[in-house]
Amino acid sequence: MPDIVCISPVDGREVVRRASASASGIEAALTAGRKAQAEWKRVPVVERGRILSKAVDAMLAMRDEIAPELAWQMGRPIRYGGNELNGFEERARHMIAIAEGALAPMMPEPKAGFKRYVTREPVGIVLTVAPWNYPYLTAVNSVVPALMAGNAVVLKHAAQTLLVGDRFQAAIDKAGLPKGLFRTVTLSHDDTTKLISSGEVDQICFTGSVSAGKQIEQAAAGTFAGVGLELGGKDPAYVRPDADLNHAIENIVDGVYFNSGQCCCGIERVYVHADVYDMFVDGFVALTKQYVLDDPLDQKTTLGPMAQPRLAKTVREHIGEALHKGAKPLIDTKAFARDKDGSTYVAPQALVNVDHSMKVMMEETFGPVAGIMKVTDDPEAIHLMNDSPYGLTASIWTRDMDAAERIGAEIETGTVYMNRCDYLDPGLAWTGVKDTGRGATLSQVGYESLTRPKSYHLRDV
């Protein structure tokens, strides 16, 4: 059985190597999880929250070690690395805080002679298959609420961020949850598929590619396990003529390039009203030229390498195809010395003269590039925003909230933003439409797939 290996995008060195879990090891983890879950589900929700809050504290205490680990594993600049834990904490504490209300029995209208209510019961064992791009933020979306709901959790983290699974295990072990309730396992893709198809897990929470999501759905077929899928994205931004242009430029540029564009909800295409198009493009280019593409372990670096060579290759191919079809590049990549063909270091790029015949406007690029198109009015922008197989988020940049709500109602997306992007509010459901997937995490809605309803119909005689 081949080992699972993390190769650093920084310099190609091997960061960590792990043996894939054996069949007996997987079975032992499931057996321990079932046993611990039977005990844990009887623990009051408030007490679960107290214990899991200690796990959050333990994770935050590792911040200084986590930042350089992330740089080596997936290339995020160290100046930003520890910030992911801010979002981790916000989401974890919110889901803990709302759990008692979200999991409380639902009471129908009173009926004489009867006591009737619906409880939210844990589903059993939740398998979280987490990605590398935001390894703490994506995993916390299901891990913490699954445990708060009374479930056991098996976490399979991406090969690129194996050490993140270790951090979750250490934090939860320190908090004192029942032994075996949470287990990080190292699995190959084939073994993950076998585990899903075994019928031994009750809910699968996956974040990743559309193709992998289809494989997971196929593996789960016939097991009756629940499947939650957050898949691809090609998120649009629309800049209206009444937008605060400086604010829009600053935030859209960050939404395109942060994490080297390797964001589920990063902006990949921008539609700008003709009245402000030239000013927007000039500001976008000026700000993009300020990025520093270099070693992510250097505090001055604002743009690190992409996580894997194959991802960098996709970005270069999408840009190359667009240029061949007539797109115009706005950034001279020669100004970024680390950008060399075949390297994981990819310079930021912005393209104009683009259209929807180009991959860079239709397929998930997942890198530091965006196409910018001129539009004449709201209906044209809405049409172009919806002309996509994906639908995770869409941002509208305007001073008119009524217009944002009106336009948002017409956009096929999971989240509508106004004057912000690339952020998850844990009080709102995180979901998508079309090829972006199915199901939802966060908010009260996020507890629904992690529990099952159980009705009590009690008659007094």
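Assorted remarks:
- Remark: segment 388-394, residue by residue, has Karplus-estimated 3J(HN,Hα) of 7, x, 10, x, 9, 9, 8 Hz, where x stands for each Gly or Pro and the curve is 6.51 cos²θ - 1.76 cosθ + 1.60 at θ = phi - 60°.
- 5 angstrom amide H check on THR398, placed H, neighbours 5+ away: ASP244, ASN419
- In order along segment 216-230, phi translates into HN-Hα couplings of 5, 4, 5, 5, 7, 4, x, 8, 6, 6, x, 10, x, 10, 10 Hz, rounded to whole numbers, per the Karplus curve 6.51 cos²θ - 1.76 cosθ + 1.60 with θ = phi - 60° and x for Gly and Pro.
- A cut-off of 5 Å between modelled amide H atoms, ignoring neighbours fewer than 5 places along the same chain, links SER20 with ILE4.
- Annotation: Cα Rg of segment 1-134 relative to the compact-globule expectation 2.2 N^0.38 Å equals 1.46.
- Relative to one another, the C-alpha centroids of segment 4-27 and segment 426-440 are positioned 30 Å apart.
- For segment 122-200 and segment 301-378, distance of Cα centres in Å: 34 Å
- Packing rank of 88-94, 369-375, where each peptide gets the mean count of other beta carbons within 10 Å, highest leading: 369-375, 88-94
- Sequence-ordered 3J(HN,Hα) estimates for segment 401-415 from the Karplus curve with 6.51, -1.76 and 1.60 and θ = phi - 60° stand at 5, 4, 5, 4, 5, 5, 5, x, 5, 9, 8, 7, 7, x, 9 Hz, glycine and proline given as x.
- Amide hydrogen proximity for GLU121: with H placed 1.01 Å from N in the peptide plane, the residues at 5 or more positions away or on another chain lying under 5 Å are ARG452, LYS454.
- Here the spin labels are modelled as points 7 Å beyond Cα on the Cα-Cβ line, and at SER211 and HIS383 they lie 3.3 nm apart.
- Put simply, when 18-24, 103-109, 51-57, 225-231 are sorted by average Cβ atoms within 10 angstrom per residue, most first, you get 225-231, 51-57, 18-24, 103-109.
- Ordering ILE78, GLY367, TYR447 by the projection of their Cα atoms onto the charge dipole of the chain, which places +1 on the Cβ of Lys and Arg and -1 on the Cβ of Asp and Glu, puts TYR447 at the extreme positive end.
- Pairwise FRET efficiency - GLN290 versus ASP341, Cβ, R0 = 30 Å, nearest 0.05: 0.80
- Counted by neighbouring Cβ atoms within 10 Å, the residues TRP397, TRP430 run from fewest to most as TRP430, TRP397.
- Once the Cβ-Cβ distance of ARG116 and ASP298 is raised to the sixth power relative to R0 = 51 Å, the FRET efficiency obtained is 0.20.
- With K and R counted +1 and D and E -1, the other residues having a Cβ less than 11 Å from that of GLY320 yield a net charge of +1.
- Principal-axis analysis of the Cα atoms of the chain puts helix 245-257 at an angle of about 70° to the longest axis.
- Pairs of lysines in segment 235-423 whose Cα atoms sit within less than 30 Å of one another amount to 29, provided the residues are eight or more positions apart or on different chains.
- Dipole magnitude of the chain, debye to nearest 20 (Cβ charges: Lys/Arg +1, Asp/Glu -1, about Cα centre): 1780 debye
Values in this text are rule-based calculations from the coordinates and carry no lab data. Note that this is a predicted model, so its numbers are computed, not measured. A quick note on method: Cβ atoms are made from the backbone with ideal geometry, for glycine too, and the neighbour counts reach across all protein chains shown.
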